[in-house]
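Take a look at the structure set out below.
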Amino acid sequence: MTDKNELSLLFVGCLLLGFPNPCLGTGKKCCSSILLDSDLAVHKIQGDKLGFYSQLGYYGARPAYRQQGGEFFIFYYEQEQHWIDSRYFYGTSLFSKLVNEMDGYCLEEHNNWSFYNGSDLMYSEVLTANCSKIEDVCCKELRISSANSDVIIDNESYYNNQSKDSLGDYKAIGITNGRYVYQKENLDSFLEYGGKHWTVSSGVGQNSGHINHHGGSVCPEHIEKEWQISYTNADGGWEWKDDPFLKITCVKELTDTTPKQEHQDTGLLGQPYIQTEQTGQASNYSAETVVFGCISMLLLSMMIAFFTRRFYRAWGRGAQGKQLLFETMDIEQAGENQASFNKFEDQ
């Protein structure tokens, strides 16, 4: 039999045994764009790690993600069999502050997240990852306004000139730290998220400005309270004061603000993950399972090719019926064994 025919037999054997399946993965399609979000309490502590993420290759035999316009990664940490964040690169658990305790193939399959609260990991029901794109969730054009902007108390305006100039309409100009960054048209006034704060400042990357919110949300228009504005105290120093009437609204409302899924087979979103015994459902392949499955299927395929070749040769010599089976399996028939024994005795 030629090498070409042997390779064909090997390929057929692989197909019969389902060889490609474990080697090519689970066949699941995971989201390429992820929104990692939570409530205000989590945003105040770990908000810089939240926001929108895009898939950037694979790690640990699963999709891996990088924060859009940011410095954080999310990947499957095979050593401990769960999903974690990292500020540095795939594969390091150093200073990880977010953990999704589940070993699913897709990050969005189940939400069993905990976050580091400064002393311990704390489970959160509201910390979730789901399939969403930033343009489907956050407004690209915003209006910052306040009913206090024209209020005068004791002959003094509630708003100073810098804070009042920070009000107005803004448009998204890019993405930083997993969120839109906005600019007031034709002016050096920017609304940006950084250092766990939304801030209106005179330049992208600045950590000080004249409107501020600690914690916030992935989208600034979703924040309903706790905005602050700057003012000068009696000593001439800058401080923050609350403005309960400051609000940010969409100039153009989104047609559908519900986070959109890229596919329908990723499981429930926002549901706690409870590990149970498998009841007939195939579990996801780990890297070790994939390697073991590939090696096992390869060995079985080689055995099939070997015996198929012996069968072909025996058949070519005219063997039929039991003789064909015996020659294929390299088993001597009982009659031949007895004849060989008698011949030995006669000698």
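Rule-based calculations on the coordinates, nothing more; no lab input. Every value quoted in this text rests on a predicted model; they were computed, and no experiment measured them. Note that we place each Cβ from the backbone using ideal geometry, even for glycine, and neighbour counts take in every protein chain shown.
Give me the net charge for the shell around V99: Cβ to Cβ below 9 angstrom, other residues only, Lys and Arg +1, Asp and Glu -1. Counting the neighbours of V99, the net charge comes to -2. A simple spin-label model places the labels of F326 and N233 10.4 nm from each other, with each point 7 Å out along Cα-to-Cβ.
Restricting the stretch 141-248 to trypsin sites (Lys or Arg not before Pro) that sit in a DSSP loop and have at most 12 other Cβ atoms within 10 Å of their own Cβ leaves K225. Can you list residues whose amide H is under 5 Å from F72's amide H, if they're 5+ apart or on another chain and H is modeled 1.01 Å from N? Those lying under 5 Å, H to H, from F72 are Q67. If you keep only loop residues by DSSP, which chymotrypsin sites (Phe, Trp or Tyr not before Pro) in the stretch 60-102 have at most 16 other Cβ atoms within 10 Å of their Cβ? Sparse-neighbourhood loop chymotrypsin sites (Phe, Trp or Tyr not before Pro): Y88, F89, F95. With the simple spin-label model, which puts each label point 7 Å out from Cα in the Cβ direction, the T92 to D188 separation comes to 3.5 nm. The loop-placed GluC sites (Glu not before Pro) in the stretch 190-232, going by DSSP, that have at most 12 neighbouring Cβ atoms within 10 Å of their Cβ come out as E224. Separation of the stretch 237-252 and the stretch 160-202, taken as the distance between their Cα centroids, equals 12 angstrom. Pairs over the 29 Å Cα-Cα cut-off, from the set K28/K133; K133/K241; K29/K184: K133/K241; K29/K184.
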